[in-house]
1. Being under 17 Å from residue 326 (Cβ atoms) and of a type outside the set (A, V, I, L, M, F, W, C) is the filter here; which residues of the range 381-395 pass it?
2. Which members of the range 40-63 meet the condition of being closer than 18 Å to residue 89 by Cβ, in a loop (DSSP other than H, G, I, E, B) and of a type outside the set (A, V, I, L, M, F, W, C)?
3. Might you let me know whether the range 292-301 holds any residue that is open to solvent by 10 Å² or more (accessible area, probe 1.4 Å), over 21 Å from residue 167 (Cα atoms) and among the β-branched types (Val, Ile, Thr)?
4. Here is a check on your reading of the model: is residue 63 surrounded by 18 or more Cβ atoms within 10 Å (Cβ to Cβ), of a type outside the set (A, V, I, L, M, F, W, C) and at pLDDT 95 or above?
5. Suppose the filter is touching a Lys or Arg at 6+ places or on another chain (Cβ under 8 Å) and closer than 17 Å to residue 356 by Cα; does residue 310 pass it?
6. Would you say residue 207 is closer than 23 Å to residue 67 by Cα, in a loop (DSSP other than H, G, I, E, B) and of a type in the set (Gly, Ala, Ser)?
7. For the range 326-353, how many residues are part of a strand (DSSP E or B) and either buried (at least 17 other Cβ atoms within 10 Å of the Cβ) or small (Gly, Ala, Ser) (or both)?
8. Residue 359 versus (1) surrounded by fewer than 17 Cβ atoms within 10 Å (Cβ to Cβ); (2) under 28 Å from residue 112 (Cβ atoms); (3) at pLDDT 95 or above: which is the lone unmet condition?
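The values are calculated or read from the model by the stated rules, or taken from the named source; none is laboratory data. This one's a predicted model, so the numbers in the text were calculated from it and none came from an experiment. We place every Cβ from the backbone using ideal geometry, glycine too, and count neighbours over all the protein chains shown. Side chains are part of the model used for accessible areas, which takes the heavy atoms of the whole protein and leaves out ligands, DNA and RNA. Shrake-Rupley method; radii C 1.70, N 1.55, O 1.52, S 1.80 Å.
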Amino acid sequence: MKVPALASLLGSLLVCFQLYAADAPAPKAPASFNVKTYGAAGDNKTKDTAAFQKALDACSAAGGGEVDIPAGNYLIGSIELHSNTKLHLEKDVFVIESPDVNDYPIIAGRFEGANADVHRGLIYANNASNISITGPGGFSAASAIASLRNPRAPVVIELVNCTNPTLDGFSLQYDRSVSRDIWCIHPMYCTNLVVKGLYIRSQGANGDGIDVDSCSKVTIENCDISAGDDAISLKSGRGMEAVRIGKPTEDVIIKDSTLRSVNFAAIGIGTEISGGIRNVSVSNCTISGVQNAIFIKSRDGRGGYIENFTFDNITVEKSPTFIGFDLVSKGIQASEPVTGDVEKWTKVSNLTFKNIKVNNVRTLVEVQPTKGVDGISPNRPLDGLTLANITGTVQRGLVLTNMVNVNLSDINVTGFEGDLLTIKNVTGKGLDQPSSSTANMPAASPAATTTTTTK
């Protein structure tokens, strides 16, 4: 075909395409359902539970869309989201948790790693896909019911077996007068979870910010969390029950966030660990804790594994310990523990901490003994701990016990007294890298304590 003829043909095709595009219908906007249309008052007096649920059910019946909450203070009990639903909290919205325990049905759930009866969460979804909860509005949790146990109190947001859930841009806070809260956000058995731009505040014990429980492909980013318990906790169940379920927490990214705990750790790993936790990346975060900034915790009878963790570009503020280990004594024993002299202990391997800045930290890293027993069992030493490019101020250096394949490099901290490195039953590279010399000592007997400081 000659060039002029080809150009003419292409021009005709272009004209046809433009005519078709002009006549094509515009994309249909998602259906919108305003909770006030369904009877919500938003006066912080009237219970708006039924109105919210009617709007959510209408959205589901239409095949999905957006349930919109306009400005106001809405008092509700537990509601359930369905697939393809966006729950949007506009500016100046507070969704307030009802203090009436009867507003939260009792369902089968999980608490502290074990299957149990629980009060259904304030915002609940089960086996839903493509759901989202978005701000800029917020949630206010009721301290009057937060301390309930047996059955567990309702958490604020609980997503179970959900695919592609998103939590974006809202705030959540508990009454700060209570001594014990309950978890704020609890995703369990979820896949492709995205959490971004959240502002979370709690103060009481058990008031974890986000408890990621046997979930895969999780991203948490640009969050500001100050929690009564762990700001973020990674879990996977306890005992043989969790082993049989076989759902680890895996492929987790936590980045660009500020994480604080007013009682415990900024990031808690365990103690419910029997299903395993692996492939976790934490980067570009500022963290602080009242006990440990990062606490890796388990006990006998847990089994499971913690493997392939990388922490990069982390700033640690004013924490007693940057990294604390206790794999021996933490947590509630399972009704059916994992058995075996080796298998009952959690396997920990391939942990990397690099480009870390510590400010006013008392102890850099410590394997914490309990009642004369080392915090890591000699029957299952930690395999693979890398610390590289650590700077800042500490009062005490590293106390390492029962580890192999340790790799230390460029640990340049100041302000400590005594020896920078204290080790016992530890092998690896760079153990003579710190300013003080080191030596290995035999492992302690489980019934006795041996403290070795080398110079």
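1. Taking the range 381-395 and keeping what is under 17 Å from residue 326 (Cβ atoms), we get 381-382, 385.
381, the sole residue that qualifies.
2. Scanning the range 40-63 gives 42, 48.
3. Our first condition is that a residue be open to solvent by 10 Å² or more (accessible area, probe 1.4 Å); within the range 292-301, this holds for 295, 297, 299-300.
Next cut, over 21 Å from residue 167 (Cα atoms) only: 295, 297, 299-300.
From what's left, among the β-branched types (Val, Ile, Thr): none.
No; the residues of the range 292-301 include none that is open to solvent by 10 Å² or more (accessible area, probe 1.4 Å), over 21 Å from residue 167 (Cα atoms) and among the β-branched types (Val, Ile, Thr).
4. On the way: surrounded by 18 or more Cβ atoms within 10 Å (Cβ to Cβ): no; of a type outside the set (A, V, I, L, M, F, W, C): yes; at pLDDT 95 or above: yes.
So residue 63 fails the test.
5. Numbers: touching a Lys or Arg at 6+ places or on another chain (Cβ under 8 Å): yes; closer than 17 Å to residue 356 by Cα: yes.
Yes: the conditions hold for residue 310.
6. Details: closer than 23 Å to residue 67 by Cα: no; in a loop (DSSP other than H, G, I, E, B): yes; of a type in the set (Gly, Ala, Ser): yes.
Considered against the rule, which asks whether it is closer than 23 Å to residue 67 by Cα, in a loop (DSSP other than H, G, I, E, B) and of a type in the set (Gly, Ala, Ser), residue 207 comes out as no.
7. Of the residues in the range 326-353, the ones part of a strand (DSSP E or B) are 326, 329, 347-353.
Among the residues that remain, those that are also either buried (at least 17 other Cβ atoms within 10 Å of the Cβ) or small (Gly, Ala, Ser) (or both) are: 326, 329, 347-351, 353.
The qualifying residues number 8.
8. Residue 359 satisfies every listed condition except (2).
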